[in-house]
Every structure is written in C-alpha cells, then in structure tokens.
Amino acid sequence: MIGDALMGLLQPRKTLPPKLLYDETGCRLFGDITALPEYYLTRTELSILRRLGPSLRAHVPAHGWMVEYGASSSLKAAIVLRQLDRPAGYIPIDIAPDALASVQSDLHPDFPSLEILPICADFLRPVELPAPARDARIFGFFPGSTIGNLEPTAATAFLRLARATLGPGALFLVGADLRKPADRLLPAYDDAQGVTAAFNLNLLTRLNREAGANFDLDRFAHRALWNDAESRVEMHLVSLADQSVRLGRQHITFRRGETIHTENSYKHAPEAFDRIAAAAGWRTIERWTDDDGLFALTLLGGTPGA
C-alpha cells in the first residue's frame, strides 16, 4: 500500500489509486452513497436489470457460469441469476475478502444448489478461473459503471484481459453511465449530506491506520468537478493549508489549494463505449437503457479472430 500511495503522491500532480477507497469502511460508505437521492446510477441500473430476463435468456445459454467483476454486494448478482436459465455456478471476483464472504453467505439461502467459488483478486491483473468453469459457457458481468473509473486505454486493456479470462464464446454484460450535462452529473459525486466527502476522506484515514501516515483530515476537503475535455467527473482531496504529511519515511509537502486526484468517472456516449470495446476484441450485441438515457447495460460478444 505504501508503495502505491507514494508512487502517486510524489508525482508533480498528486494522485492516489482509487482501489484504496474500498476498505471495509469505504465499502460501507459507498453502499450508503448508492441509496442517496442524488446518486441516480444504482437505482437506474437496477431498474434496467430487473426487466432483462427474456432478453438475457435469448442470448445466454442454460447451465452456464456467471463471473462477476467487482462483486462487493449480492444485490445485482441475485437479480441477474434469477433471470438466467438454470445457472450452474457463480464466480464473484473482488479485492475485498470480507465483501466476498458476505456475497457468498447472502446468496446461499436463495440459491442453495448454485456452486459459488469466490476469487479474491485485483481484476485488473490476470485471473484464472477455477477448474469447474474452464470448459463451461461463461457469462461475464461487470455492473455499476466501474469501467468508468478506468481511463479509456486502461478500460480497453481490462476488456482485453477479461476476454482472455472468460474465454472463447463468452458473453459480457457491462454497465456504464452515459455522458450528460454536468449539472445532472455532479450532485451524484458531491451530495448534500456529505457522504461522498466522507468516502473520499476515508482514504486518508486508511493511510493513517494502515500505512502509518499522519494526514489531518480537518486540513483536507472533498471536491468533485467535471472535466468536459476528458468527459469525466473527477474526485479530488484539496489541501486547505500549506502543510507537510509523513508517509512511511517520506515527508510530502502540500501547497494550499493543491489537490490529490483520487478517482475518475468517465461518461461515454454509446458509440465511444463501442469503440473502446471493439479495440479489445468485443462487439456490441445489444444495449439496454432507461427512458431518460442516463445509464446503459451493454451485452458484448467476442469478435471472431480478434
């Protein structure tokens, strides 16, 4: 952790990897964020997922295995699994072991015969599926617009890696928030109750606890902004004073107003998302959106010969 943090904080424009946002407290706070009135993404995606049954069954073969990337909650997996035709197994992949344990225990009562094989891993790196799934038909699932946290080149790299992991003939359902006016976007990342601010600042609390840092949270503030040129919402932590912070053996200086860039949320138009997927060897089979065009779920299939 110290190495990842120092790598970003010693750059001319300071950054921290967004994966550090998701410790136990961060996962809980993000769950709170998804229930906020300003955060339209989760409830919009859920409304789309709940009506996919006939369409999914038309594409996804029976007795297959579902592989979910970033499986920190059982809610969306349960909705999709109920709509598939007799799924044989489910492989949740997440970096947080506690979240995986909760997903498994939450799903078991409703799916007692479903084989659940969690993988605790960083899914941006190569992942090997367990033996029972290697010769099965695979249906990948990547909900929640997490792909928007990746720069376009990194999103293509992830999709290429996922294609290799899921194997020939796999299908991949990917959630993505769509580009829209900033006044509709920004409240979802800077809510009136300050939950998103607490989520962002918790990253510094985690560094204090786990990496021996001495960030004073009263001297930093949350900021969300829209970068139109890059088509993304950015989250930053702003230094409220000139100060020095210790991390490991390093002392890191901050100027008043200087920021730590903690997360991006890219908002792609559908055609831009299709270009990213195509560069990774996927083709768009079908796309579903809500009536207001806020959010999309895109079903991808492999491009022959790619």
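The values are calculated or read from the model by the stated rules, or taken from the named source; none is laboratory data. Quick caveat, the model's predicted, so the values are computed rather than measured. Glycine also receives a Cβ, built like all others from the backbone with ideal geometry; neighbour counts cover every protein chain displayed. These area figures cover heavy atoms from the full protein model, side chains too; ligands, DNA and RNA do not enter into them. Shrake-Rupley method; radii C 1.70, N 1.55, O 1.52, S 1.80 Å.
Looking across the range 253-285 at every residue that is open to solvent by 60 Å² or more (accessible area, probe 1.4 Å) and part of a strand (DSSP E or B), the one that is nearest to THR205 (Cα to Cα) is identified as THR253. If only residues of the range 90-130 that are hydroxyl-bearing (Ser, Thr, Tyr) and touching a residue at least 24 places away in the same chain (Cβ under 8 Å) are counted, the one that is farthest from TYR22 (Cα to Cα) is TYR90.
In the condition set (1) open to solvent by less than 10 Å² (accessible area, probe 1.4 Å); (2) within 28 Å of LEU247 (Cα to Cα); (3) modelled with pLDDT of 95 or more, LEU49 is compliant with all but (2). Just one of (1) more than 28 Å from ALA164 (Cβ to Cβ); (2) out of contact with any helix residue (DSSP H, G or I) (no Cβ under 7 Å at 6 or more places or on another chain) fails for ASP274. It is (1). Here VAL238 meets the list (1) without any contact (Cβ under 8 Å) to a residue 40 or more places away in the chain; (2) in a helix (DSSP H, G or I) almost entirely, failing just condition (2).
In this structure, GLY64 does not satisfy being small (Gly, Ala, Ser), at positive phi and surrounded by 17 or more Cβ atoms within 10 Å (Cβ to Cβ).
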